[in-house]
Each structure stands twice: as C-alpha cells, then as structure tokens.
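A quick write-up on the structure given underneath.
Nothing in this text is a laboratory measurement; each read-out follows from the coordinates by a stated rule. Nothing here was measured: the structure is a model prediction, and the numbers come from that model.
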Amino acid sequence: MVETFLKIIDQLSEKYSVNPIIPERATFIFILESPHIQELKHSAPVAGSSGKTMASVLLDRAVEKPLGILVKENVAAGFPDKWFNHIGIVYFSNV
C-alpha cells in the first residue's frame with residue numbers, strides 16, 4: 001500500500017508540484033499545506049488570494065501581487081530587495 005501511495009505521489013508531482021522558495025538569508029519560513037490552482041499556474045507558492053493577503057499584512061499596505069510571486073521575482077532578479085530575502089515559503093506537500 002505504501003508503494004502504491006508513493007507511486008501516485010511521484011506521478012502527481014510531475015505535473016502538479018510547486019517548489020519551495022527559501023533564500024539563503026531567510027529568517028522567516030512560512031510552512032503551508034499544499035499548492036492550489038494559482039500556485040500551479042504561476043509555479044510559485046502562495047500565488048493566489050491568500051498570498052495577496054499575506055503580502056498586504058506583512059508589508060502593511062495594499063499590494064497588487066501575492067507574496068509568492070513577489071518573493072519569486074526577487075530571487076529571479078538576483079535578490080535586490082533585502083526585505084524579501086528574509087522570506088522563505090515551503091509546502092508541507094508540494095503536490
């Protein structure tokens with residue numbers, strides 16, 4: 001039974017997984033449950049409405065982009081925003 005479960009997880013993770021984003025300098029790591037539709041679409045954790053709420057609360061202002069996309073863009077740009085360098089996001093289950 002365990003082998004069957006692991007095989008199913010492997011098959012699902014090929015198409016439905018989102019990798020964590022954990023910058024080397026991360027001092028805050030958010031551990032979340034699992035990705036959903038927007039996370040799969042953007043290949044970024046918390047890329048939907050929850051991510052917008054998280055970013056708004058953390059930045060203490062309204063934002064246009066979810067936290068996961070902001071952190072992902074910061075990594076892709078070479079870590080120019082030192083504030084986002086301290087944020088890591090990982091899922092308990094990447095699938």
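Amide H contacts of residue 32: 90, 91, 92, each under 5 Å away and 5 or more positions distant or on a separate chain (H built 1.01 Å from N in the peptide plane; Pro and chain starts excluded). 3J(HN,Hα) along region 59-71, derived from phi through the Karplus expression 6.51 cos²θ - 1.76 cosθ + 1.60 where θ = phi - 60°, amounts to 8, 6, 6, 5, 10, 8, 10, x, 4, x, 5, 4, 5 Hz, with x in place of Gly and Pro. Normalising the Debye intensity of region 1-55 to I(0), with uniform scatterers on Cα atoms only, and taking log10 at q = 0.31 Å⁻¹ returns -1.22. Each residue of region 25-41 was assigned a 3J(HN,Hα) from its phi angle through the Karplus curve 6.51 cos²θ - 1.76 cosθ + 1.60 (θ = phi - 60°); the sequence is 8, 4, 10, 10, 10, 8, 9, 10, 5, 6, x, 10, 4, 5, 5, 5, 4 Hz, with glycine and proline shown as x.
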